[in-house]
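To keep things clear, I will list the structure first and then write my remarks on it.
The values are calculated or read from the model by the stated rules, or taken from the named source; none is laboratory data. Nothing here was measured: the structure is a model prediction, and the numbers come from that model. Here the Cβ is made from the backbone with ideal geometry for all residues, glycine too, and neighbour counts use every protein chain on show.
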Amino acid sequence: MENKFIIYNTMTRRREEFAPLNPPFVGVYVCGPTVYGDAHLGHARAAITFDVLVRYLRYLGYRVRYVRNITDVGHLTNDSDNGDDKILVKAKLEQLEPMEVVQHYTNSYHKNMEQLNNIPPSIEPHASGHIIEQQELIKKILEHGYAYEINGNIYFDVESYNRKYDYGKLSGRKVEELYAATRTLDGQQEKHNPADFALWKKASPEHIMRWTSPWGEGFPGWHLECSCMSQKYLGEVFDIHGGGLDLQFPHHECEIAQSTAAYGHEAVRYWMHNNMITVNGQKMGKSLGNFITLDQLFTGDNEVLEQAYSPMTVRFFILQAHYRSPLDFSNEALKAAERGYERLMSAVETLGKITPSSDGTVNVAELSNKFHEAMNDDMNTCILMSYLFEGVHTINSIAAGKEKIDAQNLIALQKLYHDFVFDVLGLRAESSCGDSKNKEVLGKVLDIVMETRNEAKKNKDWATSDRIRDNLNAAGVKVKDTKDGYEWEILN
Ligand code: ZN
């Protein structure tokens, strides 16, 4: 049995045995959302991937400090140094305060994360709450000669950094190619070099999100917050930094350069990146019309969707793939995940009702080894799922009387499924069938109540008829009279 936890380090491009700097403590930093829009499938995959990482580390006995930030300033629309702040654009569009936009989408992100059963981070720092720390970091980088000021803007000096260190080492890009690729972009004339990126941007007169600084009023560059807040809460060197593959360049490359320029060494020991989700084989994008938010997924309210999918179906779907593999969304795949999830949960329920025999043929140790091996193999949830279903087969055979299990193995099997299904994979029982049953019963009860109301109406007893309607309304059921009877809905 492989009992070392192996993870693929994106920086070294190698599988490495995970060994924390200060066991049993483990620091994990994950790039969180820029809060200017509804969370979508891509957010779900990143959050679930690192949720399972944190869950598994805790299962292994580590004490994890899990930091995931909220980007609420400095992320410009073109991900570069031009364009407007994404939050400011939204605020202007909806005539809101920028911080109203931030609060609204932070709340909805939290709601979605809770629906997906993701554990909240230990610390969730906001970029806007760490402006002073970000300015201090800029001062360090300036002092060390890796940044320069022009017209109230501070740019990171890639060329001078690259003379001593290696800019592009995470993404494998070469500085010369970056120069060539970015040279043609407009509006970057004031930079020494097109590959340089902003640490601090001067605020134009109409820019609302602004702070005073030694270089005039402005706001921090997007990449700066993660260097700053990861090291503030996890230390100058910490264990794991995670995020989506789309953040590898330029975001994480810039983070590495900033931290190294400030401290003379890298901050992160293991870099982990989850792969992207495509929709019916295409990259997901607003302009492509295949953009699916989590709220839409859970309600079915999107043209791409043939039905609603529950949060646990979505979680199961994401966990069926290895986090470094691409994953394609389709209605077929989601429906298959729904069936798979239900089969697994029903087996777990069955497992709780099995009575042991005095002797048995089932050996749980072997299955347990397989579960651990799969997770230790760079969190291979895909393989883990196949072993879980191997066990489901066994559980169902025991329940059908085809196989026997003794008491000791039964307890071990119950604990194993509890640990891996609920604690490690973070699945939970959804009472979807319970919900529809409740709705059915409620419908019958309403028929009885409405019959009484119809009689009152027939007798022109308007007081009783209105009272029934109002009381139902107060109880959270909205009743609407229609030509052929009535319609009802539960108010939220
Ligand atoms: Zn980040």
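In the condition set (1) without any contact (Cβ under 8 Å) to a residue 60 or more places away in the chain; (2) within 29 Å of the chain's Cα centre (by Cα), Val348 is compliant with all but (1). Number of residues in segment 113-138 that are surrounded by fewer than 15 Cβ atoms within 10 Å (Cβ to Cβ) and more than 25 Å from the chain's Cα centre (by Cα): the value is 2. Which one is surrounded by the most Cβ atoms within 10 Å (Cβ to Cβ) among residues in segment 1-48 that are touching a residue at least 12 places away in the same chain (Cβ under 8 Å), outside any strand (DSSP E or B) and among the polar types (S, T, N, Q)? Among those residues, the one meeting the criterion is Thr10. Taking first residues from segment 447-461 that are assigned by TED's automatic domain parsing to the domain that holds Asp484 and partners that are loosely packed, with under 13 Cβ neighbours inside 10 Å and not in a helix (DSSP H, G or I), the Cβ contacts under 8 Å between residues at least 6 apart in sequence or on separate chains come to Met450/Gly485.
Only one entry in Asp85, Asp72 is closer than 30 Å to Gln189 by Cα, buried (at least 19 other Cβ atoms within 10 Å of the Cβ) and touching a Gly at 6+ places or on another chain (Cβ under 8 Å), namely Asp85.
Here is a yes/no grid of residues against (1) out of contact with any strand residue (DSSP E or B) (no Cβ under 8 Å at 6 or more places or on another chain); (2) within 16 Å of the ligand (Cβ to nearest atom):
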{"position": "Asn193", "(1), (2)": "yes, no"}
{"position": "Phe197", "(1), (2)": "no, yes"}
{"position": "His223", "(1), (2)": "no, yes"}
{"position": "Glu236", "(1), (2)": "yes, no"}
{"position": "Gly243", "(1), (2)": "no, yes"}
{"position": "Asp246", "(1), (2)": "yes, yes"}
{"position": "Cys254", "(1), (2)": "no, yes"}
{"position": "Met276", "(1), (2)": "no, no"}
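Counting only strands (runs of 3 or more DSSP E) that fall entirely inside segment 222-318 and contain at least 2 residues that are surrounded by 24 or more Cβ atoms within 10 Å (Cβ to Cβ), the qualifying elements are 238-244, 268-274. Within segment 259-274, is even one residue touching a residue at least 12 places away in the same chain (Cβ under 8 Å), under 18 Å from Thr71 (Cβ atoms), out of contact with any strand residue (DSSP E or B) (no Cβ under 7 Å at 6 or more places or on another chain) and in the same structural domain as Gln115 (by TED's automatic domain parsing)? Within segment 259-274, one or more residues are touching a residue at least 12 places away in the same chain (Cβ under 8 Å), under 18 Å from Thr71 (Cβ atoms), out of contact with any strand residue (DSSP E or B) (no Cβ under 7 Å at 6 or more places or on another chain) and in the same structural domain as Gln115 (by TED's automatic domain parsing).
In the set (1) away from the ligand (no atom under 16 Å from the Cβ); (2) more than 30 Å from Phe18 (Cα to Cα); (3) not aliphatic (A, V, I, L, M), the condition left unmet by Phe156 is number (1). Under the condition of being touching a helix residue (DSSP H, G or I) at 6+ places or on another chain (Cβ under 6 Å) and not in a loop (DSSP other than H, G, I, E, B), the residues counted in segment 319-328 number 1. Give the number of residues within segment 74-110 that are aliphatic (A, V, I, L, M) and in a loop (DSSP other than H, G, I, E, B). Summing the residues that are aliphatic (A, V, I, L, M) and in a loop (DSSP other than H, G, I, E, B) in segment 74-110 gives 1. Kindly indicate whether Ser204 is more than 16 Å from the ligand (Cβ to nearest atom), outside any helix (DSSP H, G or I), surrounded by fewer than 16 Cβ atoms within 10 Å (Cβ to Cβ) and assigned by TED's automatic domain parsing to the domain that holds Ala47. Here the answer is yes, as Ser204 does meet what is asked.
Residues are listed down the side, and each one gets a yes or a no for (1) more than 27 Å from Pro214 (Cβ to Cβ); (2) free of Cβ contacts under 8 Å to residues at least 60 places away in the same chain:
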site	(1), (2)
Val52	yes, no
Leu57	yes, yes
Tyr62	yes, yes
Ile70	no, yes
Asn112	yes, no
Ile119	yes, no
Gln134	no, no
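Scanning segment 285-302 for residues that are within 16 Å of Thr313 (Cβ to Cβ) and of a type in the set (A, V, I, L, M, F, W, C) returns Ile292, Leu294, Leu297, Phe298. Scan segment 347-368 for residues that are in a helix (DSSP H, G or I) and loosely packed, with under 15 Cβ neighbours inside 10 Å and the total you get is 5.
Among the residues of segment 44-76, those that are under 24 Å from Tyr105 (Cα atoms), away from the ligand (no atom under 13 Å from the Cβ) and among the hydroxyl-bearing types (Ser, Thr, Tyr) comprise Thr49, Tyr66. Scoring Trp215 on the criteria (1) among the aromatic types (Phe, Trp, Tyr); (2) more than 16 Å from the ligand (Cβ to nearest atom); (3) surrounded by fewer than 19 Cβ atoms within 10 Å (Cβ to Cβ) leaves a single failure, condition (3). Annotation: Asp423 fulfils all but one of (1) farther than 17 Å from Lys353 by Cβ; (2) touching a Gly at 6+ places or on another chain (Cβ under 8 Å); the unmet one is (2).
Determine, yes or no, whether Gly391 is in a loop (DSSP other than H, G, I, E, B) and modelled with pLDDT of 90 or more. Taking the combined requirement at face value, the residue does not satisfy it.
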